[in-house]
Amino acid sequence: MPTVKIFAWYAHSEAILQTMLCSEDQTERIWGVERILAIRGDGDPDTQLGDSSDRTRRTPDINCDASSIVDLISWSEYVSEPPLTCSLSTSEVKNFVNTPMEVLNLALPHTKH
C-alpha cells in the first residue's frame, strides 16, 4: 500500500470523475454528473460552465478498504471537476447520464530528428 499511496496523484477527484463520466455503468455516470453539478452550484444550465481557473491540486488520501471507485477518496475537500468538462455547459454535462463521454485520442504528431 505505501507505493499505491505515493502514486495516488492519479486518484485525484478530477481523474475519478472523468473516469465515471466515460464509464459504461450508468450508475457511475449519474454519480459523476451529480458531483459535478454540486461542484458548480446553481446557475443557468445552458450557459453555466465549469471553473477552469488554476486550482490547488493535492494528492488525495486513499481509502484502502474501498470496494468501489466512489469510495476510493474523500469527497469532502479539495474536489474539482475534470478540465475536459469545464468548457461544457451544465446541460451538456447532464447528457452524460444517458451516454458515456467519449474522449478522443489525439496523438501528438511525430517529429523527425
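Filter segment 13-28 down to the residues that are free of Cβ contacts under 8 Å to residues at least 60 places away in the same chain and either within 17 Å of Y78 (Cβ to Cβ) or part of a loop (DSSP other than H, G, I, E, B) (or both) and list them by number. Of everything in segment 13-28, those that are free of Cβ contacts under 8 Å to residues at least 60 places away in the same chain and either within 17 Å of Y78 (Cβ to Cβ) or part of a loop (DSSP other than H, G, I, E, B) (or both) turn out to be I16, D25. Would you check which residues across segment 29-59 are among the small types (G, A, S), at pLDDT 90 or above and part of a loop (DSSP other than H, G, I, E, B) and list them? Of everything in segment 29-59, those that are among the small types (G, A, S), at pLDDT 90 or above and part of a loop (DSSP other than H, G, I, E, B) turn out to be G41, G43, G50.
Pairs meeting the criteria (first residue in segment 71-99 and without any contact (Cβ under 8 Å) to a residue 40 or more places away in the chain and under 20 Å from H12 (Cα atoms), second residue of a type in the set (S, T, Y) and in a loop (DSSP other than H, G, I, E, B), beta carbons under 8 Å, at least 6 apart or on different chains) are C86/S52; S87/S52. Residue-level check: of (1) exposed (fewer than 14 other Cβ atoms within 10 Å of the Cβ); (2) more than 18 Å from V103 (Cβ to Cβ), S87 misses just (2).
Results for (1) over 30 Å from D61 (Cβ atoms); (2) out of contact with any helix residue (DSSP H, G or I) (no Cβ under 8 Å at 6 or more places or on another chain); (3) at pLDDT below 95; (4) among the hydroxyl-bearing types (S, T, Y), shown as yes or no for each residue.
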position: I73; (1), (2), (3), (4): no, no, yes, no
position: E81; (1), (2), (3), (4): no, no, yes, no
position: L88; (1), (2), (3), (4): no, yes, no, no
position: S91; (1), (2), (3), (4): yes, yes, no, yes
position: N95; (1), (2), (3), (4): yes, yes, no, no
position: T99; (1), (2), (3), (4): yes, yes, no, yes
position: N105; (1), (2), (3), (4): yes, yes, yes, no
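Looking only at residues of segment 1-12 that are in contact (Cβ under 8 Å) with a residue 24 or more places away in the chain and part of a loop (DSSP other than H, G, I, E, B), we find that the one that is surrounded by the fewest Cβ atoms within 10 Å (Cβ to Cβ) is M1.
Go through the residues of segment 36-59 one by one and say whether even a single one is of a type in the set (G, A, S) and surrounded by fewer than 10 Cβ atoms within 10 Å (Cβ to Cβ). Scanning segment 36-59, I find at least one residue that is of a type in the set (G, A, S) and surrounded by fewer than 10 Cβ atoms within 10 Å (Cβ to Cβ), so the answer is yes.
For segment 60-88, taking the residues that are under 12 Å from the mean Cα position of the chain (by Cα) and in a helix (DSSP H, G or I), the one that is nearest to I6 (Cα to Cα) is identified as I69.
The values are calculated or read from the model by the stated rules, or taken from the named source; none is laboratory data. Bear in mind that the values here come from a model prediction, so they are computed numbers and not experimental data. For neighbour counting, all protein chains shown are included, and Cβ atoms are generated from backbone atoms with ideal geometry for every residue, glycine included.
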